[in-house]
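S.K.: This is the structure I want to talk about, given as structure tokens.
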Amino acid sequence: MKGCIIGPKIRSDCEIWLLEEGKKVFDKFFYAPMPSIVISDGKVLFKGKNLAELDFVLPRIPRTYMWFGYKILKTLEGKVYMPIEPRSVIVSHNKFLTLLALKEAGLPVPKTFMAASRGTFENLLDDMNYPVVIKLLYGSLGKGVMFADSKQSAKSLMDTLERLKEPIFLEEYIPNPGEDIRVFVLGGGVLGAMKRTAEKDDLRANIGIGGIGEPIKVDTNMKSISIKAADVLGMDITGIDIIKGPKGPVIIEANVNVHFEGLKKTLGMNVAHEIVKYVKDEASTVDYTTFEKFMGWLKRK
Ligand SMILES: Nc1ncnc2c1ncn2[C@@H]1O[C@H](COP(=O)(O)OP(=O)(O)O)[C@@H](O)[C@H]1O
Ligand SMILES: [Mg+2]
């Protein structure tokens with residue numbers, strides 16, 4: 001079986017690890033950096049080779065390449081197995097669109113508010129409970145998430161965003177003791193989950209900025225909302241971030257380009273191997289050679 005990873009020029013530890021594990025399992029497995037890819041005549045070409053001739057493509061599309069990544073995946077759609085749908089790259093790299101899709105699917109998400117200028121929020125700010133959360137639509141590793149303790153702080157943060165020509169995205173704060181849960185979904189199941197506790201003096205639980213992870217078993221409800229979220233967003237591989245609020249679990253984010261070193265450290269799991277094994281199984285059950293077979297596979301999904 002032949003396949004490749006499509007990702008940024010500089011490979012992250014996760015991409016290197018996936019490559020290493022994939023090379024043990026596949027006949028041919030290589031890395032196609034996005035700056036070296038050309039889309040021409042409905043074909044995705046890398047070093048002159050048509051990537052549609054592979055059995056699978058494993059997308060690792062960062063936000064900076066979101067639109068080109070979308071076009072690559074859209075061109076390959078239906079021709080090779082991909083664990084990430086093209087639209088997921090756009091939706092999951094945008095926190096507003098993610099929560100909108102999840103809300104429409106009836107999943108629990110925080111209340112959100114979006115505007116292009118602060119003036120529009122003036123009345124709303126009087127009725128909010130504080131703190132409120134203000135986010136860049138595309139932050140990651142906690143960078144781009146801000147908390148405002150009062151109307152005054154919220155106004156000044158929003159003015160700054162307006163000045164930077166960033167949309168203003170406000171989220172209801174879900175009360176929690178500085179903890180969230182990262183559920184790693186792989187192919188309609190939960191591979192593992194960890195509770196992350198924020199560093200003292202921080203409200204953000206991300207591991208990359210000092211949060212500490214510990215293994216946790218998620219209950220049936222948490223499992224089912226995570227799996228449903230992954231499905232709604234069109235991802236077979238993803239990390240769903242959940243806060244256990246006073247009224248139950250609330251999904252705050254889904255990660256399309258999920259990092260999994262934290263999970264390896266916390267659960268001692270060979271995550272890259274599990275991903276590669278899953279991709280192999282899926283790619284071998286899907287036969288894209290005839291349209292009928294493809295539609296049959298789609299119906300089974
Ligand atoms: N609505 C919220 N209420 C309470 N805490 C939040 C909320 N949104 C985010 N956080 C905290 O901030 C962290 C980072 O937020 P998240 O939206 O996951 O951004 P990132 O993409 O940077 O990980 C979360 O892990 C959580 O600890
Ligand atoms: Mg997060």
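S.K.: Among the residues of segment 113-121, is any at negative phi, within 16 Å of ligand 2 (Cβ to nearest atom) and in contact with a Leu (Cβ under 6 Å, 6 or more places away or on another chain)?
M.R.: Taking every residue of segment 113-121 in turn, none turns out to be at negative phi, within 16 Å of ligand 2 (Cβ to nearest atom) and in contact with a Leu (Cβ under 6 Å, 6 or more places away or on another chain).
S.K.: OK, next. Can you list the helices (runs of 4 or more DSSP H) found entirely within segment 203-301 that contain at least 2 residues being at pLDDT 95 or above? Outline the logic, then answer.
M.R.: Numbers: elements: 220-232, 261-267, 271-285, 291-300.
So the answer is 220-232, 271-285.
S.K.: Return a yes/no flag: does segment 160-167 have any residue that is among the hydroxyl-bearing types (Ser, Thr, Tyr) and within 23 Å of the chain's Cα centre (by Cα).
M.R.: No, segment 160-167 has no match at all.
S.K.: Filter segment 164-179 down to the residues that are surrounded by fewer than 14 Cβ atoms within 10 Å (Cβ to Cβ) and farther than 18 Å from Gly139 by Cα, then identify the one that is nearest to ligand 1 (Cβ to nearest atom).
M.R.: Selected residue: Pro175.
S.K.: Looking only at segment 245-267, count how many residues are of a type in the set (Lys, Arg) and within 14 Å of ligand 1 (Cβ to nearest atom).
M.R.: From segment 245-267, those of a type in the set (Lys, Arg) are 247, 264-265; that's our starting set.
Keeping just the survivors that are within 14 Å of ligand 1 (Cβ to nearest atom) gives 247.
Qualifying residue count, segment 245-267: 1.
S.K.: Tell me, which residue of segment 231-249 that is surrounded by fewer than 21 Cβ atoms within 10 Å (Cβ to Cβ) and among the β-branched types (Val, Ile, Thr) is farthest from Arg182 (Cα to Cα)?
M.R.: Top of the filtered list is Val232.
S.K.: Can you find even one residue in segment 36-46 that is hydroxyl-bearing (Ser, Thr, Tyr) and buried (at least 21 other Cβ atoms within 10 Å of the Cβ)?
M.R.: First pass over segment 36-46, keeping only residues hydroxyl-bearing (Ser, Thr, Tyr): 36, 40.
Those left that are additionally buried (at least 21 other Cβ atoms within 10 Å of the Cβ): none.
Checked against the condition, which is being hydroxyl-bearing (Ser, Thr, Tyr) and buried (at least 21 other Cβ atoms within 10 Å of the Cβ), segment 36-46 yields no hits at all.
S.K.: Of all residues in segment 113-156 being within 9 Å of ligand 1 (Cβ to nearest atom) and modelled with pLDDT under 90, which is surrounded by the most Cβ atoms within 10 Å (Cβ to Cβ)?
M.R.: That would be Ser140.
S.K.: For segment 129-160, enumerate the residues that are away from ligand 2 (no atom under 16 Å from the Cβ), in contact with a strand residue (DSSP E or B) (Cβ under 8 Å, 6 or more places away or on another chain) and touching a residue at least 40 places away in the same chain (Cβ under 8 Å).
M.R.: Asn129, Tyr130, Pro131, Val132, Met158
S.K.: Separate question: Which one of these is closer than 27 Å to Leu19 by Cα and crowded, with 19+ Cβ neighbours inside 10 Å: Gly69, Gly78?
M.R.: After ruling out the rest, the residue left standing is Gly69.
A quick yes/no check of all residues on (1) crowded, with 16+ Cβ neighbours inside 10 Å; (2) more than 12 Å from ligand 2 (Cβ to nearest atom); (3) under 21 Å from Met269 (Cβ atoms):
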site	(1), (2), (3)
Phe184	yes, yes, yes
Gly188	no, yes, yes
Gly192	yes, yes, yes
Asn206	yes, no, yes
Gly213	yes, yes, yes
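S.K.: Continuing with the same structure: If Phe169 meets every condition in (1) among the aromatic types (Phe, Trp, Tyr); (2) within 14 Å of ligand 2 (Cβ to nearest atom); (3) under 26 Å from Trp67 (Cβ atoms) apart from one, which number is that one?
M.R.: (2)
S.K.: Another question, if that's okay. For segment 149-198, name all the residues that are under 19 Å from Ile251 (Cα atoms), among the hydrophobic types (A, V, I, L, M, F, W, C) and outside any strand (DSSP E or B).
M.R.: Within segment 149-198, Ile174, Ala198 qualify.
S.K.: Now a separate question. Determine, yes or no, whether Pro110 is within 16 Å of ligand 1 (Cβ to nearest atom) and either modelled with pLDDT of 95 or more or among the basic types (Lys, Arg) (or both).
M.R.: Answer is yes for this residue.
S.K.: Now for a different question. Would you pick out the residues in segment 260-271 that are surrounded by fewer than 19 Cβ atoms within 10 Å (Cβ to Cβ) and within 22 Å of Val89 (Cβ to Cβ)?
M.R.: Glu261
The values are calculated or read from the model by the stated rules, or taken from the named source; none is laboratory data. Just so we're clear, the structure is a prediction, and the values are computed from it rather than from any experiment. Cβ atoms come from the backbone with ideal geometry, glycine included; neighbour counts cover every protein chain shown.
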